[in-house]
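**Student:** Next up is a structure, given as structure tokens.
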Amino acid sequence: MPIDLNARLLDIESLWNGGLEIIDLIEMGLRVSGTEFPTPFELLCKSLVDVRLDGSVEEAEHRIKQLLNEAQEARQWSIPWGARVEVRFGHFVALRIFERYGEFSCHFLDEKDRYFHVAIGLGDSQPKAVSQQLVRLNPDTGEPEWNTEAECALKLIAAAIVRDFLVVEERETLFTSRRDRRRIGARDIRSIIYLPRVRYSSALLEQRPGEPADGSSHRARHSVAPHLRRATVASAAQRFLAQRYGFSLPQGFTFVRPHERGGGTELERIRVYRSRSASRMIFEALETAPEGTRPAWFDFEKDCARLLRQCGMQVIHQSANRDGDGGVDLYAIDADGGSWVVQCKCWAAHRRVGPDVVRDLKGAIDLADVGSDTVSRGMIITTSTFTDEATRAAAEFRFELIDGPTLVRQLTSAGV
């Protein structure tokens, strides 16, 4: 990836001298370009030197694990590729999130769009959050020491935001949005900023109102990691779930998704997870919401899922597409047990869906059907319309197409 040599000399020197952490090197070219740089390490450590947790590091790590377990167990939504969330913490102003196969790259951004990377993994049996180590000078001895409190604080913020995006049923009660136009160096950047209804200051790790002291009524006694179990036939739903969690499903096995046992029924736990915001429980809730609008992404994602359920399908969310077009992949199982791979495009009316999207869906289906005796069907749902070439390509693969007017008509007639 060629580096922009017209960038600030400090940024280039910092990248050259410090290199990148291993978590930055994995497929980093999908998420940053040669014009984007990490926050200089010295500046980063200096800006976070006074961060203190309202509790111990062990309590913070435990809360992070709880958040990620909830995200893994109760997930029902996705996060737009490159979603930018306003975060005022230290010298950071935003958090940018990318997901690929259950792995989330969370970039804390400063005012110059330089990033600090926190990696969150939900695909493994034990979800985890990892970041680069930070240092500070001990106020008593003047000697350098690890700034684990700042590391935990950043991981806690990232985990809470990812968890709320994936789990909470009414996400519009947690985030509003506004369009943003910024100029970074020679780049003119336009994006949508999600505005959370909390202030990310010190974390509140103690019991909050409405939360059980020991978690007994709403928390499971122990977690069951995702695993394979022997079975004569794996259903399409289990096959799709296995792929989402990064498992290869051999013949004669089925997949068991992560869940928790004890301390109440599973449905009750999921209901509680989806009705509450972790961010508002851990950080300071704002009395007045930030100015903004209702994110269209949230409505579109719900509409697509509602339409499929109205057609008698079981819906399994996969992940946001990585091309940043506002799409989301869904897996669905119809009443006859047939499997569907659905691609959704939340595009402006003037931007028509072309044949390249159809071909991408064909590739996704081929991947989803690896190791299966059945052939999945394809569907594309969009807020706009399709080009003639896309329609012909879809007919060749026998895909179903639903454009914006059709989507509105079907939802209206179904009373959704």
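Condition check ((1) assigned to a loop (DSSP other than H, G, I, E, B); (2) out of contact with any His (no Cβ under 9 Å at 6 or more places or on another chain); (3) within 25 Å of Ala285 (Cα to Cα)) across all residues:
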| position | (1), (2), (3) |
| --- | --- |
| Trp81 | yes, yes, no |
| Glu99 | no, yes, no |
| Ile120 | no, yes, yes |
| Gln126 | yes, yes, no |
| Ala129 | no, yes, yes |
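**Student:** Can you tell me which of (1) closer than 22 Å to Leu307 by Cα; (2) surrounded by 15 or more Cβ atoms within 10 Å (Cβ to Cβ) is the one Pro355 doesn't meet?
**Tutor:** (1)
**Student:** Give the range 95-133 a look and list any residue that's among the hydroxyl-bearing types (Ser, Thr, Tyr) and buried (at least 19 other Cβ atoms within 10 Å of the Cβ), or say none.
**Tutor:** Answer for the range 95-133, where residues must be among the hydroxyl-bearing types (Ser, Thr, Tyr) and buried (at least 19 other Cβ atoms within 10 Å of the Cβ): Ser105, Tyr115, Ser131.
**Student:** Also, I was wondering about something else. Out of all the residues in the range 136-150, which are assigned to a strand (DSSP E or B) and surrounded by fewer than 17 Cβ atoms within 10 Å (Cβ to Cβ)?
**Tutor:** Leu137, Pro144, Glu145, Trp146
**Student:** Are any residues in the range 345-382 touching a Gly at 6+ places or on another chain (Cβ under 8 Å), under 23 Å from Leu411 (Cα atoms) and not hydroxyl-bearing (Ser, Thr, Tyr), and if so, which ones?
**Tutor:** Matches in the range 345-382: Lys345, Cys346, Trp347, Ala349, Arg377.
Listed here are the residues, each with its yes/no results for (1) among the small types (Gly, Ala, Ser); (2) modelled with pLDDT under 90; (3) under 22 Å from Ile12 (Cα atoms).
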site	(1), (2), (3)
Pro80	no, yes, no
His91	no, no, yes
Phe98	no, no, no
Tyr101	no, yes, no
Asp110	no, no, yes
Arg114	no, no, yes
His117	no, no, yes
Ile120	no, no, no
Val130	no, no, no
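**Student:** Can you find a residue in the range 135-143 that is acidic (Asp, Glu) and in contact with a strand residue (DSSP E or B) (Cβ under 9 Å, 6 or more places away or on another chain)?
**Tutor:** Among the residues of the range 135-143, at least one is acidic (Asp, Glu) and in contact with a strand residue (DSSP E or B) (Cβ under 9 Å, 6 or more places away or on another chain), which makes the answer yes.
**Student:** If you don't mind, another one. So if I check each of Leu330, Leu308, Leu361, Leu401, which one is more than 23 Å from the chain's Cα centre (by Cα), modelled with pLDDT of 85 or more and surrounded by 14 or more Cβ atoms within 10 Å (Cβ to Cβ)?
**Tutor:** Leu401
**Student:** Enumerate the pairs (first residue in the range 349-367 and more than 14 Å from Glu400 (Cβ to Cβ); second residue anywhere and charged (D, E, K, R)) with beta-carbon separation below 7 Å, excluding pairs fewer than 6 apart on the same chain, so at least 6 apart or on different chains.
**Tutor:** Going by the 7 Å Cβ cut-off, the qualifying pairs are Gly354/Glu389; Pro355/Glu389; Ala364/Asp329.
The values are calculated or read from the model by the stated rules, or taken from the named source; none is laboratory data. Keep in mind that what you see is a predicted model, and the values were worked out from it rather than measured. Counting neighbours? That spans all protein chains shown, and the Cβs are built from the backbone with ideal geometry, glycine included.
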